1. Might you check whether a residue that is among the aromatic types (Phe, Trp, Tyr) and at pLDDT 90 or above occurs anywhere in segment 9-26?
2. Having 2 or more residues that are at pLDDT 80 or above, open to solvent by 80 Å² or more (accessible area, probe 1.4 Å) and of a type outside the set (Phe, Trp, Tyr) is the bar; report the strands (runs of 3 or more DSSP E) wholly within segment 35-85 that clear it.
Amino acid sequence: MSDMNQYDTFSSMRLIDVLKQGYTLRFLDLPVLVRFENGKFLVSGPNFTLRLDQNGFLETYGRYTAIVADFSQTVDEKKDEEYYAWRREKQ
């Protein structure tokens with residue numbers, strides 16, 4: 001993967017190139033993630049998952065702008081436990 005960050009935006013055919021490089025994208029206007037896997041575009045929303053070919057994907061989502069999904073902001077379980085232990089003490 002090349003040097004892209006979560007602030008680079010992509011629309012239309014550029015989405016295809018970025019997805020085929022292995023990135024997961026998040027649409028700015030929709031609560032949807034998309035990735036490319038086994039020749040299909042996997043689109044996941046709050047209550048659905050779709051597998052689309054390229055034409056179906058572009059027809060449905062090609063007009064939206066997306067950014068690289070950032071999964072690096074994970075929960076630090078040690079800090080999380082410390083916080084809840086502190087809250088239990090304060091109650």
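The values are calculated or read from the model by the stated rules, or taken from the named source; none is laboratory data. Being a predicted model, the structure only gives us computed values, none of them experimental. When the accessible area is computed, the model is the full protein with side chains, heavy atoms only, and any ligands, DNA or RNA have been set aside. Shrake-Rupley method; radii C 1.70, N 1.55, O 1.52, S 1.80 Å.
1. yes
2. Counting at least 2 such residues, we get 48-52.
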